[in-house]
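Beneath this line is the structure, given in structure tokens, with notes to follow.
The values are calculated or read from the model by the stated rules, or taken from the named source; none is laboratory data. This is a predicted model, so every value here is computed, not measured. Positions of Cβ are backbone-derived with ideal geometry, glycine not excepted, and every protein chain shown enters the neighbour counts.
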């Protein structure tokens, strides 16, 4: 696949962006599992593990009114450079003794600032017709980072957490260097006022405008469910693998990588064969995805688990890539790329906060992990069924 742009420099800049995104995502995912290994080393309660996600995503929710405006008002390569610097600070704080929950929360601040610029820059350096393909590359590289990050963080950190965190810090540093080689695109959608109250009102205006748009509403609903479910599923798999297969953290993370591998396949298929205008037609695959997660209740072998989880990933990739492109396109037209991604991040991370929080409470209440897996899958199945029926009726 070849991405074309009216400006060859911008096309080249896309590949610098893709490299920086891969390294930053690799570090993010490796650090999650390194932090889990560190919590285990510190004999922290088991329910602290899903709590890591909540500390991480809290910044996305609180900073949502500000990071989108920041991404639109400043050159996005500069925003990404600063964001990776904040991630590096959080990583080093964990290395030098800050409790993992708080240190990972600092990394979350950098990630919250990074995301609007990461997705927003695509609409600035590439034409509309290349957005689905570009999202396929981004999601594919991100999933590769998830796979390698899970393996690195889950396997290496079990043996030497400090060395793992040092290596992750280097990854953030290299990603920041790549940010400097991205194109310096002129800013747009600048705000006349930048005081906190004005930014909050501007965010609420953007939030309402995007939710009022039928296509924006559709993409926001499904991506919120997808990311909330996907982030929580990674943690559920760790608990399920320990219960059903007797796996430790190192083997559990390699098992969870099969989901990411499937997403990569689905993302590639979507990039080649699904057009942005057809994104509403693929909603039923989410129902199948939920049913597959429910089937994990009955699985007792790793071979079956790999097959099912890979299929879950494939359907996830088919679903999310065109909907991400649709949301970016509508958001860029209506309110600016940075603003739209900030609204998306607010919703998606609120979903992660709620679902991971529910999982934390279920673990703390000693609900069997097999039951949690089934409940989780049934929730996805039911939600996607309702969404498919609603949007099918709305399009009649």
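Scanning segment 99-110 for residues that are surrounded by fewer than 24 Cβ atoms within 10 Å (Cβ to Cβ) and either touching a helix residue (DSSP H, G or I) at 6+ places or on another chain (Cβ under 8 Å) or at pLDDT 95 or above (or both) yields 101, 102, 105, 106, 109.
Residue-wise test of (1) in a helix (DSSP H, G or I); (2) in contact (Cβ under 8 Å) with a residue 12 or more places away in the chain; (3) within 23 Å of the chain's Cα centre (by Cα).
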position	(1), (2), (3)
347	yes, yes, yes
354	yes, yes, yes
367	no, no, no
379	yes, yes, yes
384	yes, yes, yes
387	yes, yes, yes
390	yes, no, no
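When segment 280-301 is limited to residues that are free of Cβ contacts under 8 Å to residues at least 60 places away in the same chain and assigned to a helix (DSSP H, G or I), the one that is surrounded by the most Cβ atoms within 10 Å (Cβ to Cβ) turns out to be 282.
Scanning segment 358-375 for residues that are surrounded by 13 or more Cβ atoms within 10 Å (Cβ to Cβ) and farther than 15 Å from residue 297 by Cβ yields a total of 5.
Can you pull out every residue in segment 182-212 that is within 25 Å of residue 126 (Cβ to Cβ) and either at pLDDT below 85 or under 23 Å from the mean Cα position of the chain (by Cα) (or both)?
We begin by selecting, within segment 182-212, every residue within 25 Å of residue 126 (Cβ to Cβ); these are 182-191, 206, 209-210.
Matches in segment 182-212: 182, 183, 184, 185, 186, 187, 188, 189, 190, 191, 206, 210.
Residue 172 meets all of the listed conditions (1) surrounded by 13 or more Cβ atoms within 10 Å (Cβ to Cβ); (2) modelled with pLDDT under 85 but one, namely (2). Just wondering, is there one or more residues in segment 324-332 that are within 22 Å of the chain's Cα centre (by Cα), under 25 Å from residue 257 (Cα atoms), assigned to a helix (DSSP H, G or I) and modelled with pLDDT under 90? Looking through segment 324-332, at least one residue is within 22 Å of the chain's Cα centre (by Cα), under 25 Å from residue 257 (Cα atoms), assigned to a helix (DSSP H, G or I) and modelled with pLDDT under 90.
To keep it simple, each residue is scored yes or no on (1) surrounded by 20 or more Cβ atoms within 10 Å (Cβ to Cβ); (2) at pLDDT 85 or above; (3) under 16 Å from residue 343 (Cβ atoms).
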| residue | (1), (2), (3) |
| --- | --- |
| 229 | yes, yes, no |
| 240 | yes, yes, no |
| 243 | no, yes, no |
| 250 | no, no, no |
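Within segment 45-64, the set of residues being surrounded by 23 or more Cβ atoms within 10 Å (Cβ to Cβ) and more than 21 Å from residue 29 (Cα to Cα) comprises just one member, 64.
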